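Have a look at the structure below, then the notes.
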Amino acid sequence: MEFVSNIERIAHPVGTVYNVLSDLSRLPAKEMDTEQGHVAVTPVDRDSCTIQASVVQVTLRITERQENKSVKLEAESSPIPATLWIQLLPDKEAEGVCHLRLTVRSDANPFMAGMIRKPLEKGVGKLAQMLASLPYDRISNLPTD
């Protein structure tokens, strides 16, 4: 099963956005309320972050980086196997602007797929919106641990 977010416009250069998303220690801790409940994203270190939702906590670890193009993350502590791709593309018409799209793939069994389909469809979109709204210009210059 695969879920793809809408393409989100980010008013920052692709290099600035990539520098933050490829080093998860730069991400600010972020919380949001969704229809499915409260969600918190917390950076752990350069290569991992934790997403705490109402009934599940998942650690995502970066497994691949393509400079200024994509970041691939794998779910480590998850009830279902999942992969998340963050894809970045510079805007060809506007300097200093890029676009972001998230893709989540999961090999959930049919029973689990039925239970997680709606929350994942909405969650991927909300996560893309949250990432698009980050103040990349401020957080890209912060020192990392």
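Computed from the coordinates by the stated procedures, all read-outs in this text should not be read as laboratory data. Predicted model, so just to flag it, every value in this text is computed and none were measured.
What number results when the radius of gyration of the chain, computed over Cα atoms, is divided by 2.2 N^0.38 Å?
For the chain, the normalised Cα radius of gyration comes out at 1.01.
At q = 0.22 Å⁻¹, what log₁₀ I(q)/I(0) does segment 49-134 have when each alpha carbon counts as one equal point scatterer in the Debye sum?
For segment 49-134 at q = 0.22 Å⁻¹, log10 I(q)/I(0) is -1.18.
Given the pairs K72/K92; K92/K122; K30/K126, which span a C-alpha to C-alpha distance of over 20 angstrom in this model?
K72/K92; K92/K122
Cα axis of helix 110-132 to longest principal axis of the chain: angle in degrees, 0 to 90, nearest 10?
20
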